[in-house]
Amino acid sequence: MNYYNVLFNIALSKSFTYKSTQNIEVGSRVLVDFNNRKKVGIVLEKTTQINIDDIKEIKEIISILDNKPVITEELIKTINFASYYYLSPRGLILRNALPSKAFSKEPINFEKNSIKKQINHQKFFNLNDEQKKIYESIDLKIFNVNLIFGVTGSGKTEIFLHLIRDVIEKGKNALVLVPEIVLTNQYKRVFEEKFLYTVGVYHSQLTPKQKFLEWLMFKKQEKRVLLGTRSAAFVDLSDTGLIVVDEENDDSYKQENTPSYNAKDLLIYRAKQLNIPVILSSATPTVETYYKASITKKFKLFKLNNRINNCELPVIEFSKPENNLLSIKSQEYIKKSIEEKQTCAILVNRRGFAHFLICGDCGYIFRCPNCNVSLVYHKKTKDLKCHFCESSFEIPKKCPNCSSYNIKDVGTGTQKMEEFLRENFGNINIARLDRDTASSKKNAYNIVSNLLDGKIDIIVGTSMISKGYDIEKINLVIISNIESIFALPDFRADEKCVSLIIQTAGRSGRKQKGNVIIESKLPSRLENFIINHDYEGFLKEEINLRKSLNYPPFSHLIRILSQNTNEKVAKQNIQQCFEILKNSGFSFLGPTKCPIDKIKNKYRYHIIIKTNDIFKTLHFITAELLDKNLNFDVDPISFF
DNA sequence: AGCACGCCGACT
DNA sequence: GTCGGCGTGCTC
């Protein structure tokens, strides 16, 4: 009789021992009886050590579902590591690692259909000298991490397209991570010109069946390039020869809720196990990445200083709006842009606590009763929405505090901006790109198509518009409400602000010299770096700042969160955590109320640990603090 | 995650 | 008396 440890996709780290007369490969899907229900599990390992005392009965595996394992030993190792590092149940990592259909009882057909032509060589542009040098310097044979740090429009994509071609010619796959779902579709067009029918996409907007098929085709090598968002970090990489993380600075690679893994970091871990190269690409790399590339030399640093066609970088100016949504200067620039039949992009920053209804008489702010965040006014649906719990509320006619009818909305939403433009510029084509309009696939696709075809005069959007769209006709970019980033309780606020501006500015003037107007006054230290397009200078100064404060990359943070519908319980749990940490010798902040102290009716308290020995700290937490009604966020990027 | 078990409040 | 609320604990 053989014994196997089986893992389920439930919120548990524990695996369960089952027996079978058959020889089963590690990574196979099996059907077993679990708590009197039939359940699909994954065989993690063969085992001989069984504590008969702990286990009442060892049940027999009902059946092996497929003729091949569904995950590799390398992925099992990755799941174990991710569970340990991110202090999350292994079963939850497993759930994130496979498409949901892999947990249904249907057998998987691993038979491979043959594919014909994979590369269209005519569609590759010639690399310029700067690009060529980088292309030739990147070693595809072994594990190494390469940062391509290039201004927007310098042709970073073209470099990795050439490298992917080489990888495919060697019979290997390539994985490309992008930050937004809309980008997978935009990239697909570009990639399919070159790699024909072998380009797959993988993200959460696919139907369960589509997602499963894309996952399977990449695994079987019917698809050779996969364009995916965060969850693609767990796809089968056994035949993969190159991993690209595009816009590596983007926050979306970090999952906000449990398991709060970082796809970029996990892929570097996997690449090391698999001995394959990684490319991180960005116009505004994170302080952490830049530090590893320039100071500790763990990564290789490649810089692209010139834009393709030697197009000049845009002129960046600051101008504070007088009394309106946009300053007179911006309005004049917009007028000119419309007359010249160019596209103008307006970024309305949504981060922070910026837009709310306020009583003009007593200052009462309308907040979500469940989440204690200000409600956002949505004109189209004529309601107030909570962006945390999605509930919507009727617009109150008068202030509940002082009964005044003088209710005003403060802050600039994308909708309000759209309306302002329609009132002031008359009959023009305005498109809006934000989480609301991009939520349906068709809609997002239409907006992007219209943009690319030059049918739009003004595009208004959130930070989504700053991510990678190559729109030639944009030569005016206006950035509004950026200062609200500083309202965030975040040591990365300066970095987020400068990087968002530089990235959005990069949308401007891809064909001819463009203009960028920032509708805020920033600290002059930051304004100087921005005007001079000196992101590297900013990074260097920021590294020193982080060092003096012992912030990442010089330390690791771990955020411990206690949430409960009962405020007393939430408080008690964080207090209990505090008592354990108090004598541990680790330095930490708190416990304090979270900046947003109530979300979805749950009261929130947190403690933030700062450590220079992450593994020692993880070990301590694993031993002392797990299963105490606490949530953990290792290397957090958000501190709400 | 489910599902059973178990101990207190509001009904027939 | 008992129906049912959801807190706690277990699943090889």
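The values are calculated or read from the model by the stated rules, or taken from the named source; none is laboratory data. Just so you know, these numbers come straight off a predicted model, no measurement behind them. Every residue, glycine among them, receives a Cβ derived from its backbone with ideal geometry; neighbour counts consider all protein chains shown.
Annotations
- Failed condition for residue A:557, given (1) at pLDDT 90 or above; (2) over 30 Å from residue A:297 (Cα atoms); (3) in contact with a Pro (Cβ under 8 Å, 6 or more places away or on another chain): (2)
- Residue list for the stretch A:248-260, filter: among the small types (Gly, Ala, Ser) and part of a loop (DSSP other than H, G, I, E, B): A:260
- Restricting A:269, A:197, A:202, A:261 to those that are within 27 Å of residue A:85 (Cα to Cα) and surrounded by fewer than 20 Cβ atoms within 10 Å (Cβ to Cβ) reduces the list to A:269.
- The single condition among (1) closer than 18 Å to residue A:492 by Cα; (2) at pLDDT 90 or above; (3) touching a strand residue (DSSP E or B) at 6+ places or on another chain (Cβ under 9 Å) that residue A:541 does not meet is (3).
- Residue in the stretch A:521-531 that is of a type in the set (S, T, N, Q) and either under 30 Å from residue A:611 (Cβ atoms) or surrounded by fewer than 19 Cβ atoms within 10 Å (Cβ to Cβ) (or both) present: yes
- Scanning the stretch A:325-359 for residues that are within 15 Å of residue A:416 (Cβ to Cβ) and at pLDDT below 85 yields A:325, A:349, A:350, A:354, A:355, A:356, A:357, A:358.
- Of all residues in the stretch A:113-153, those being among the charged types (D, E, K, R), under 19 Å from residue A:168 (Cβ atoms) and loosely packed, with under 13 Cβ neighbours inside 10 Å number 5.
- Within the stretch A:15-25, restricting attention to residues that are in contact (Cβ under 8 Å) with a residue 40 or more places away in the chain and near DNA strand C (Cβ under 8 Å from one of its atoms), the residue that is nearest to residue A:79 (Cα to Cα) is A:15.
- Just one of the numbered conditions (1) crowded, with 19+ Cβ neighbours inside 10 Å; (2) modelled with pLDDT of 90 or more; (3) in contact with a helix residue (DSSP H, G or I) (Cβ under 8 Å, 6 or more places away or on another chain) is not true of residue A:491: (1).
- So residue A:43, is it over 24 Å from residue A:237 (Cα atoms), within 16 Å of DNA strand C (Cβ to nearest atom), touching a residue at least 24 places away in the same chain (Cβ under 8 Å) and surrounded by 17 or more Cβ atoms within 10 Å (Cβ to Cβ): no
- All strands (runs of 3 or more DSSP E) inside the stretch A:261-366 with 3 or more residues being under 31 Å from the mean Cα position of the chain (by Cα): A:278-282, A:300-304, A:315-318, A:343-348
- Filter pass, residue A:615 being of a type in the set (Phe, Trp, Tyr), out of contact with any Lys or Arg (no Cβ under 8 Å at 6 or more places or on another chain) and modelled with pLDDT of 90 or more: yes
- Residue selected from the stretch A:1-14 under the condition more than 14 Å from residue A:76 (Cβ to Cβ) and of a type in the set (A, V, I, L, M), by the criterion farthest from DNA strand C (Cβ to nearest atom): A:1
- Given (1) under 29 Å from the mean Cα position of the chain (by Cα); (2) surrounded by fewer than 16 Cβ atoms within 10 Å (Cβ to Cβ); (3) more than 16 Å from DNA strand C (Cβ to nearest atom); (4) not charged (D, E, K, R), number of the condition residue A:85 does not satisfy: (2)
- Among residues of the stretch A:546-556 being outside any loop (DSSP other than H, G, I, E, B) and in contact with a Phe, Trp or Tyr (Cβ under 8 Å, 6 or more places away or on another chain), the one that is nearest to residue A:508 (Cα to Cα) is A:546.
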